[in-house]
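Here, each number is a calculation from the coordinates, and none is a lab measurement. Quick caveat, the model's predicted, so the values are computed rather than measured. Every residue, glycine as well, gets a Cβ built from its backbone with ideal geometry; the counts of neighbours run over all protein chains shown.
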Amino acid sequence: MTEQRNPLGLKKIHHVEFYVGNAKQAEFFYRKAFGFSRVGYMGLETGNREVTSYLLKQNNVNFILSTPLLPDHPGSEHIKQHGDGVHDIAFQVEDVDHAFNEAVKRGARPVEEPHDHGDENGVVRHASIATYGDTIHSFLSYSRGGSAPANAGGIDRTAAAPAEEKYVYSGVFLPGFVEQQVEGESTGIMLVDHIVGNVELGKMNEWCDFYRDVMGFHRYITFDDEDISTEYSALMSIVMSDGGHNIKFPINEPAESKKGVSQIQEYIDYYRSAGAQHIALLCRDVLHTVGMLQANGVEFLRVPDTYYDEIPERIGEIDENIDDLKKLGILVDRDEEGYLLQIFTKPVEDRPTVFYEILQRKGCKGFGKGNFKALFVSIEEEQRRRGNL
Ligand code: FE2
C-alpha cells in the first residue's frame, strides 16, 4: 500500500507542550491521575532561569508541562489569556529546514527560524510556525544517539548529509532537560490519536485550507450540522489528516444554534481565542484504562443509562459486556470497518476549555459521530450548570 508523502516530511507528533500556571502541581495530576511518568526536568536547578518544564511520558505520548518564571516570558501572556492550555503541537520531521521553508513558502506564519538547539548530549534542529490562536507547530529533526556524539556541539553541518545524520541527540529527551525519573502507574495510554482545534465562527474552512495547503493534509471526514446539532450545541467539524493517517486534526467551529451558546463558542469565550480543544489518547483496553482513570479521580462526562439499551440494535455484536461499559460510562460507535469505544473527560482546568478523550479502536477509523447527540446533551447539562448556555 502506498502512502501519500507529506510535502513537509512530517513523521509523527513528537510531543505536546502545555503552558500551565503551576507545572509542579499539573505534573502531579498527570502522573497520579493519568498514569504518566516523569522522565525529564528543567528549571532553576538545571540552570534555566526563565521556565520550569516537566517531561511526562506514557508509552508513545510525550507531554511537556511548562511554567514561566518571569512575567515577560511569552508563556506568561499565554497563561494570562488562555489559562492552562496547549502551546505547541510539535512534529518530528525529516529535515527542519525543508519543513520550515516549505511551510513558509506555502503561506505559514513563521514563529522561530530554523536553529540548532544543543547541550552536552548533542544537537537537534528546531523551528516553529503558527497555527490557530496562539498555538504553534514546532518542527524537530534529530536521530537518537546511543551515547553523546564525539563532535557534540561542533558538528559539521556544511556536509550534505541527511539531517538525521547531522543532528544526533542522546540525552533524555531534548536539550535542556535532565533525566528525572518519578514513576507513575501506567493506565495503558499508548498514543495520541487526534488533537481537535476549536476555531472561531466562520474560520473552519480557512484552517482546513491551512492544513491542506501549508501542511499537505487532506480532508478525511466532514461532519456538519445535521450530524451534530442538538438544540443548543451546533458545531461543524472537518477532520484533516496527513498522507499516512498518523496525524489527524479535526477542526471545529461553532454553528448557529437554535438557542443558547454552542459548546465551541463557550470554549472560545473562555480560551479567548481559537485553541486545542481535546487530545484523544489511544489505549488497547479501554475498560482497564478508564477503570484506572476513574479510580484515580479523573472526572468523565456521562450519558443517560438509556443510551446502553440501544447499543445492541445500533452497534450489533461487540466483544465487551454492555453492563461493564455502562458502569464506566464508555460509549460505542461503528463504521463499515469496525467499532470504537470512547469516553470524554470533563475539562481539566477551571476554565471550560481543554479536555481529553480516551479511546480504543477495533477497526473503526471514525470519531464517534453516532455518539455526538448523546454526548452533547451531557455537555450542555454541564454548560447549564456553569451558567453558560
Ligand atoms: Fe475526538
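Charged side chains reduced to their Cβ positions (Lys and Arg at +1, Asp and Glu at -1) give region 10-182 a dipole of some 520 debye around its Cα centre. With R₀ set to 41 Å, the beta-carbon distance separating Ser37 from Asp269 gives a calculated FRET efficiency near 0.70.
Assuming charge only on the beta carbon of Lys and Arg (+1) and of Asp and Glu (-1), the dipole of the chain about its Cα centre is about 320 debye to the nearest 20. Specify whether the C-alpha gyration tensor of region 10-182 places it in the rounded, prolate or oblate class, a ≥ b ≥ c being the square roots of the eigenvalues: rounded for a/c under 1.5, otherwise prolate if a/b is larger than b/c and oblate if not. Oblate, because a/c is 1.5 or more while a/b does not exceed b/c.
Taking other C-beta atoms within 10 angstrom as a stand-in for reagent exposure, Phe177, Phe28, Phe217 fall in the order Phe28, Phe177, Phe217, fewest first.
The listed peptides 8-14, 199-205, ordered by packing as a protection proxy, come out as 8-14, 199-205 (highest mean of other Cβ atoms within 10 Å first). Each Lys and Arg adds +1 at its Cβ and each Asp and Glu adds -1 at its Cβ; summed about the Cα centre, region 189-386 shows a dipole of about 420 debye.
The alpha-carbon atoms of the chain define a convex hull whose volume equals 145 cubic angstrom per residue. Translational diffusion of region 264-389 was estimated from the Stokes-Einstein equation, with Rh taken as the Kirkwood radius over Cα pairs; at 10 °C and 1.306 mPa s the coefficient is 104 µm²/s. Where both bridge residues fall in the chain, DSSP classifies roughly 80% of the beta bridges as antiparallel. Measuring nothing but how far apart in sequence close Cα pairs (under 8 Å, 6+ apart) lie, relative to its length, the chain scores a relative contact order of 15 percent. Projected onto the charge dipole of the chain (+1 at Lys/Arg Cβ, -1 at Asp/Glu Cβ, origin at the Cα centre), which of Pro175, Val196, Gly9 gives the Cα projection farthest towards the positive end? Checked the options; the winner is Pro175.
Using 0.36 nm per residue and subtracting the Cα-Cα separation, the extra length available between Arg106 and Gln25 on full extension is 25.2 nm. Packing, as the average of other Cβ atoms within 10 Å across residues, places the peptides 88-97, 68-77 in the order 88-97, 68-77, highest first.
Rank the residues Glu102, Glu112 as a footprinting-exposure proxy: fewest other Cβ atoms within 10 Å of their Cβ go first.
Values: Glu102 18, Glu112 14.
Ranking Glu102, Glu112 by Cβ neighbours within 10 Å, fewest first, gives Glu112, Glu102.
Cβ crowding within 10 Å, taken as a proxy for footprinting-reagent exposure, orders Thr46, Thr306 from fewest neighbours to most as Thr306, Thr46.
Highest average first, the peptides 332-338, 18-24, 344-350 ordered by how many other beta carbon atoms sit within 10 Å of their residues are 18-24, 344-350, 332-338. Shown in residue order for region 37-48 are the 3J(HN,Hα) couplings computed by the Karplus curve 6.51 cos²θ - 1.76 cosθ + 1.60 at θ = phi - 60°: 10, 7, 10, x, 8, 9, x, 3, 5, 9, x, 8 Hz (x for Gly and Pro).
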